[in-house]
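Visitor: To start, I am sharing the structure in question, which I have written as structure tokens.
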Amino acid sequence: DVTNANTPFELNRIPGDGSIWRDVKYWDNHVYIGTEADMGLQIVDVSDLDNIFLVNTILDFDNSHNIHIWEGYLFVIGADTYDIWIYDLSIPHNPILVGTWNEEYLHDIDVYNNKVYGMGIYSSTAYIIDISDITNPTTLTSWTYPGMAHDAAVFPDEQFLVTADEMEGGHLKIWDISNYDNITEISSFQIDNSHSIHNIYFKDNLIIGSWYADGTRILDVSDP
């Protein structure tokens with residue numbers, strides 16, 4: 001409870017196995033918790049913040065690296081069996097598996113306008129995946145580049161994609177994706193050649209990025 005910001009206090013706690021990684025997303029009075037601990041994905045009812053409770057656990061996979069929610073669909077990545085698991089959240093406490101994709105381990109994704117922009121960190125490959133048929137995701141294009149593709153953020157006009165490389169000297173790169181047959185890097189940004197960028201988000205012609213040793217930076221990308 002942060003009603004009084006000077007004296008926050010814990011109301012409740014959802015127990016879970018120890019892990020250095022959890023990812024938490026919200027949809028329709030429910031919180032979804034993915035983790036690299038072998039305990040599936042927890043679903044917590046938060047409709048009454050004074051009395052939250054665990055309502056379900058997805059056990060289709062042991063663990064996951066990341067989760068993403070877009071327009072009533074839950075995307076689970078970094079899990080076993082499939083590289084992307086897609087669940088319909090029409091019934092928030094009881095997700096229904098409706099689609100999968102299985103080409104390469106993805107580390108992080110952005111989802112927009114019926115497309116997944118996925119980053120294959122081990123091969124440094126960026127993917128654009130069509131999910132207009134949510135039951136049958138299909139890869140539209142992919143490209144590999146020198147780096148360590150970790151995260152992505154697409155411009156709302158889908159003419160440009162921003163990528164972030166999680167590695168020493170990791171760059172933020174902007175790609176012209178207007179022609180899938182000729183995707184080109186048009187600019188990049190680096191703070192320190194021994195530091196790494198991590199996650200990025202796009203909002204109002206700005207990229208909000210987190211760096212391991214350089215704080216949070218806000219970049220004007222109105223001219224990509």
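Visitor: Please verify whether GLY209 is assigned to a loop (DSSP other than H, G, I, E, B), more than 23 Å from LEU140 (Cβ to Cβ) and small (Gly, Ala, Ser), treating the condition exactly as stated. I'd like the intermediate steps shown before the answer.
Guide: Details: assigned to a loop (DSSP other than H, G, I, E, B): no; more than 23 Å from LEU140 (Cβ to Cβ): yes; small (Gly, Ala, Ser): yes.
Considered against the rule, which asks whether it is assigned to a loop (DSSP other than H, G, I, E, B), more than 23 Å from LEU140 (Cβ to Cβ) and small (Gly, Ala, Ser), GLY209 comes out as no.
Visitor: OK, next. Please enumerate the residues belonging to the stretch 105-139 that are surrounded by fewer than 17 Cβ atoms within 10 Å (Cβ to Cβ) and at positive phi.
Guide: Across the stretch 105-139, the qualifying residues are ASN113, ASN114.
Visitor: To continue, here is another question. Do the conditions hold for VAL76, that is, is it among the β-branched types (Val, Ile, Thr), surrounded by 21 or more Cβ atoms within 10 Å (Cβ to Cβ) and closer than 16 Å to GLY34 by Cβ?
Guide: Numbers: among the β-branched types (Val, Ile, Thr): yes; surrounded by 21 or more Cβ atoms within 10 Å (Cβ to Cβ): yes; closer than 16 Å to GLY34 by Cβ: yes.
Here the answer is yes, as VAL76 does meet what is asked.
Visitor: Quick check on the stretch 92-104. Is at least one of its residues part of a loop (DSSP other than H, G, I, E, B), among the charged types (D, E, K, R) and either open to solvent by less than 60 Å² (accessible area, probe 1.4 Å) or touching an Asp or Glu at 6+ places or on another chain (Cβ under 7 Å) (or both)?
Guide: From the stretch 92-104, those part of a loop (DSSP other than H, G, I, E, B) are 92-95, 102-104; that's our starting set.
Retained after the next criterion (residues that are among the charged types (D, E, K, R)): 103-104.
Filter again for either open to solvent by less than 60 Å² (accessible area, probe 1.4 Å) or touching an Asp or Glu at 6+ places or on another chain (Cβ under 7 Å) (or both), leaving 103-104.
Checked the stretch 92-104: at least one residue is part of a loop (DSSP other than H, G, I, E, B), among the charged types (D, E, K, R) and either open to solvent by less than 60 Å² (accessible area, probe 1.4 Å) or touching an Asp or Glu at 6+ places or on another chain (Cβ under 7 Å) (or both).
Visitor: Sticking with this structure for a sec: Answer with yes or no whether ALA164 is open to solvent by less than 40 Å² (accessible area, probe 1.4 Å), among the hydrophobic types (A, V, I, L, M, F, W, C) and under 13 Å from SER196 (Cβ atoms). Spell out how you get there, then give the answer.
Guide: Details: open to solvent by less than 40 Å² (accessible area, probe 1.4 Å): yes; among the hydrophobic types (A, V, I, L, M, F, W, C): yes; under 13 Å from SER196 (Cβ atoms): yes.
Taking the combined requirement at face value, the residue satisfies it.
Visitor: Still on this model: Output the residues belonging to the stretch 25-52 that are without any contact (Cβ under 8 Å) to a residue 40 or more places away in the chain and in a strand (DSSP E or B).
Guide: Within the stretch 25-52, VAL31, ILE33, THR35, LEU41, GLN42, VAL44 qualify.
Visitor: Take the residues in the stretch 140-157 that are within 17 Å of the chain's Cα centre (by Cα) and under 15 Å from ASP110 (Cα atoms), then tell me which one is surrounded by the most Cβ atoms within 10 Å (Cβ to Cβ). Outline the logic, then answer.
Guide: The initial filter retains those residues of the stretch 140-157 that are within 17 Å of the chain's Cα centre (by Cα), namely 148-156.
Checking the rest, the ones that are also under 15 Å from ASP110 (Cα atoms) come to 149-156.
On the way: ALA149: 28, HIS150: 22, ASP151: 25, ALA152: 26, ALA153: 24, VAL154: 20, PHE155: 17, PRO156: 12.
If we take residues in the stretch 140-157 being within 17 Å of the chain's Cα centre (by Cα) and under 15 Å from ASP110 (Cα atoms), then ALA149 is surrounded by the most Cβ atoms within 10 Å (Cβ to Cβ).
The values are calculated or read from the model by the stated rules, or taken from the named source; none is laboratory data. The structure presented is a predicted model; accordingly, all values stated were derived computationally and were not measured. Note that each Cβ is placed from the backbone with ideal geometry, even for glycine, and that neighbours are counted across all protein chains shown. With ligands, DNA and RNA removed, areas are computed over all heavy atoms of the protein, side chains included. Shrake-Rupley method; radii C 1.70, N 1.55, O 1.52, S 1.80 Å.
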